[in-house]
Every structure is written in structure tokens, then in C-alpha cells.
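Single-structure report; data block below.
The values are calculated or read from the model by the stated rules, or taken from the named source; none is laboratory data. Source: prediction; values computed, not measured. Glycine also receives a Cβ, built like all others from the backbone with ideal geometry; neighbour counts cover every protein chain displayed. Surface accessibility is based on the protein's heavy atoms, side chains included, excluding ligands, DNA and RNA. Shrake-Rupley method; radii C 1.70, N 1.55, O 1.52, S 1.80 Å.
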Amino acid sequence: GVVRSLHRTLCLCSKLAMSQVVVRDPDVLERKKASIRDAGPGKLQVIADFDGTLTKYWCNGVRGQTSHSLLQQGNAEYDAKRQALYEYYHPLEISPTIPIEEKTKLMEEWWEKTHGLLIEGGLTYDAIKKSVADASITFRDGVVQLFEFLKEKDIPVVIFSAGLADIIEEVFRQKLHRSFKNIKVVSNRMQFDESGRLVAFKGKTIHVFNKNEHAIDMAAPIHDKFGSSDSSDVNGTFVKDRTNIVLLGDGLGDLGMSDGVSFEHRIAVGFLNSNIEKSLKDYSEAFDIVFLNDAPMWGVVDLVSELC
Ligand code: TMP
């Protein structure tokens, strides 16, 4: 019995390691693809999470950093205080037993404290630039090609993150050396004074469990460049009128990113980065397609090219 169950476990593990993608219901997926294709690219938008979705979970053998974790304030005491908060709150964030309402309160506390420490510790824009230059953060292979394809087709991309917008945009500048006019970053945005010191955060805090409340922000027209607001998106269409969605996320909370759009068809793509055995069932029920093993973005490039 023990040998057989061990054999079964080993088979399952090797199957998991080999198969990079899980599609719960191929017929449903094909129907969604056909409907989205029939409606045309003018009806389509992509909504993507940033950390662990557009970026790799593993980067050169170490855990890839997030927009929060890469930040070095240039003030060791405050870096240590934020790290202590991470060690306390992150296990609560991923705990499978704490109810979501309780987690939401805990996450509010965490984000408020962290943002407070960034202000109090005197974060500067120069420290952000240096942190990004020193960071272990890489986009998944195929992300640039995905963005280029979507730009050619005039399809907007909303990057929706509970991280830090200013850092995400600096990662684009330093790692891709370019910006995309069809991409809008909806995330926590900093306000600096004339000397380049952080003085406040703009708007309501976005944390991992309230992305759905902020989804309404996407109803605003897309920005034409990073940081600047323009009154129309790439071809004058409001993002909320694009009722077909490809959603990319790495957490179940990411599914709420499309709550601001009353969508007709949504293909949800999940990257399952950790706790694979425990979470695969939940992920394959929630997402139409689940990528395992820190997969590249090529599967999504293929998907969108089938859609338009
Ligand atoms: P997201 O980019 O996937 O939306 O989530 C942001 C992640 O940032 C989340 O998993 C928790 C993490 N985080 C830190 O690493 N340090 C922090 O100080 C805070 C507030 C969050």
C-alpha cells in the first residue's frame, strides 16, 4: 500500500513537472475564444497583475523580487522595519485558514504601516532608481512580444498591482528601456516634493484583497504615457467599453481585477507559482488556463494571436 501510494505520488509529481499548463474545460475555452474573435480586437482588453504574473517567480535561482521587496530606502533602520512587517503579515496574507474579511483588515494595516514607513524614512526618487538597478526582477520571456503584439492591434493593457506604481514604471524604463502607450498602471502612486522626497501616496490604498473595489478606476480613459493622463485611449475607446477580457494573475484575488467592467467574455489565465499541490484544484476551477513551473508568456502570446 505504502509503495503504491508513493508510486502514485511520484507519478503525479512528474506529471506536474512535465505539464506546464492545465485547462479545466477545453470546450468552454474554445467557445470563449470564438466569441472574442468574432467581436473583434476593438472589444478586447488585457488586465494583468504585475508581480509573479508579468515577472518571474524565480530569477536566476533566487526568488524574484516584487515592487515592494526590491525597495531599499537607503535607510537601514527603515528597511529592517518594513522587512519585520513582511515577516509578520505575509504568512497571514497566504494563510489558508484566515477568513477573507479578517485578512482584508490585516492587509489594510500592513499597507498603511509600510506606506507610513516609506514616508517617515525619507524615500527619494533616486533611491527607487538605484533599487531597481540592483534588483533581481525579470519579466517572463515573451512579455515584450505580448505587449508589442497588443500595441500593434491597439489593444489596451491595464496593469493592476497592489505594489508601487512608481517602481513598476521604473522597472519598465530600466529593464525594457521603453514604455508602451497602450499600457496603464493602476497601483499605489507616490507624490514627491520638489527635492524628490516622498511626501504622500495618492488616492486610496490598493492591497491584495481590494483590487475589486479599485476596478472602477479602470473605467477612466487609459493614460497615453506613463504618469500623464490623456482623455482618450489608443483609439478613443474607453476601457470599460471593451467588454471582452483576457485577465492574467497569480492569485485568486486577481480575479476581482475585472469587476469594474461588465464583461461579456473573460478568459482568465493563472500563473500558479507556489503551493502547487494544495492550490491546483482551486486555481483550475477559478482560471480557464493555469500555467505551472514559472512558465514563460508564450502561451498567452499564442492565445491573444488566436483572438485577433
Ligand atoms: P501584487 O503585486 O501581486 O498585487 O501584490 C503585492 C505583493 O507585495 C503582496 O504579495 C505582498 C507584497 N508586499 C511586500 O512584499 N512588502 C510590503 O511592504 C507590502 C505592503 C506588500
Please indicate, with yes or no, whether at least one residue in the stretch 265-286 is closer than 12 Å to Gln45 by Cβ and either modelled with pLDDT under 95 or open to solvent by 50 Å² or more (accessible area, probe 1.4 Å) (or both).
-> yes
Checking Gly122 against (1) modelled with pLDDT of 95 or more; (2) farther than 24 Å from Gly253 by Cα, which test does it fail?
-> (1)
Among the residues of the stretch 244-253 satisfying the criterion of being within 18 Å of Val186 (Cβ to Cβ) and not in a helix (DSSP H, G or I), which is most open to solvent (accessible area, probe 1.4 Å)?
-> Asp250
Just give me the residues in the stretch 214-234 being in contact with an Asp or Glu (Cβ under 8 Å, 6 or more places away or on another chain) and either modelled with pLDDT of 65 or more or within 16 Å of the ligand (Cβ to nearest atom) (or both), in sequence order.
-> Ala215
Would you point out the residue of the stretch 152-170, among those that are hydrophobic (A, V, I, L, M, F, W, C) and in a strand (DSSP E or B), that is farthest from the ligand (Cβ to nearest atom)?
-> Val157
Could you figure out which of (1) within 21 Å of the chain's Cα centre (by Cα); (2) assigned to a helix (DSSP H, G or I); (3) closer than 29 Å to Asn275 by Cα isn't true of Ile128?
-> (3)
Looking across the stretch 73-98 at residues that are part of a loop (DSSP other than H, G, I, E, B) and buried (at least 17 other Cβ atoms within 10 Å of the Cβ), the single one that is farthest from the ligand (Cβ to nearest atom) is Asn75
Kindly list, by first and then second residue, each pair from a residue in the stretch 132-159 that is among the hydroxyl-bearing types (Ser, Thr, Tyr) to a residue that is open to solvent by less than 40 Å² (accessible area, probe 1.4 Å), limited to pairs with Cβ atoms under 8 Å and residues at least 6 apart or on different chains.
-> Ser136/Cys59; Ser136/Gly64; Ser136/Leu70; Thr138/Thr55; Thr138/Cys59; Thr138/Gly64
Any residue in the stretch 44-55 that is open to solvent by 60 Å² or more (accessible area, probe 1.4 Å) and either touching a helix residue (DSSP H, G or I) at 6+ places or on another chain (Cβ under 7 Å) or touching a residue at least 60 places away in the same chain (Cβ under 8 Å) (or both)?
-> no
Within the stretch 99-125, residues away from the ligand (no atom under 11 Å from the Cβ), open to solvent by 50 Å² or more (accessible area, probe 1.4 Å) and either in contact (Cβ under 8 Å) with a residue 60 or more places away in the chain or assigned to a helix (DSSP H, G or I) (or both) come out as Ile100, Glu101, Glu102, Lys105, Ile119, Glu120, Tyr125
Here the residues within the stretch 34-60 that are away from the ligand (no atom under 16 Å from the Cβ) and basic (Lys, Arg) are Arg37, Lys43
Boolean, Lys175 is open to solvent by 20 Å² or more (accessible area, probe 1.4 Å), of a type in the set (Lys, Arg) and part of a loop (DSSP other than H, G, I, E, B) | no
Of (1) of a type outside the set (Phe, Trp, Tyr); (2) in a loop (DSSP other than H, G, I, E, B); (3) surrounded by fewer than 22 Cβ atoms within 10 Å (Cβ to Cβ), Gln191 satisfies every one except (2)
Restricting attention to the stretch 61-72, which residues are part of a loop (DSSP other than H, G, I, E, B), under 19 Å from Ser131 (Cα atoms) and open to solvent by less than 80 Å² (accessible area, probe 1.4 Å)?
-> Gly64, Gln65, Thr66, Ser67, His68, Ser69, Leu70, Leu71
May I ask you to list pairs of residues, at least six apart or on different chains, whose Cβ atoms are under 8 Å apart, with the first in the stretch 254-271 being touching a residue at least 12 places away in the same chain (Cβ under 8 Å) and within 18 Å of Lys184 (Cβ to Cβ) and the second being away from the ligand (no atom under 16 Å from the Cβ) and not aliphatic (A, V, I, L, M)?
-> Ser258/Arg266; Gly260/Lys240; Val261/Gln45; Val261/Lys240; Val261/Arg242; Val261/Thr243; Phe263/Thr243; Phe263/Asn244
